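A.B. asks: Below you'll find the structure I mean.
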């Protein structure tokens, strides 16, 4: 799960690049990947792997189900390409509640 470069030989740089059907991740802990993955799957993702250190990998997947593509969906791709499994569960989340909004008064 830690190649030094992508399939085309392009070296990874530190950071996280989220694109349509591809995630490039390099030089950070998996907890940061989980945070970014939340945007992709539309749910909160919490890292419970207990894996430490910084990781580098590229994940490719089908962004939407398609009969024209052989690429797996994001959940399958994560399991097949990274050896990780996303499991639905219930847990506490921090939530910001806005009870009212008012325009500021000039002055």
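A.B. asks: Give me the percent relative contact order of the chain, please, defined on Cα pairs under 8 angstrom at least 6 residues apart.
C.D. replies: Relative contact order comes out at 21 percent.
A.B. asks: Using a Debye calculation, one point per C-alpha and no hydration shell, please list log10 I(q)/I(0) for the chain at q = 0.11, 0.15, 0.20 Å⁻¹ in order.
C.D. replies: Ignoring solvent entirely, the Cα scatterers give -0.44, -0.70, -1.11.
A.B. asks: Which value at 222 nm does the chain reach when only helices count, each DSSP H run of 4 or more adding -39,500 (n - 2.57), with the total divided by all residues and rounded to the nearest 500 deg cm²/dmol?
C.D. replies: Computed mean residue ellipticity for the chain: -4000 deg cm²/dmol.
A.B. asks: Applying a 10 Å radius around every beta-carbon, put 75-86, 25-36, 94-105 in order of their mean neighbour count, most first.
C.D. replies: 25-36, 75-86, 94-105
We did not get these values from a lab; they are worked out from the coordinates using the rules stated. Every value quoted in this text rests on a predicted model; they were computed, and no experiment measured them. Backbone-built Cβ (ideal geometry, glycine too); neighbour counts: all protein chains shown.
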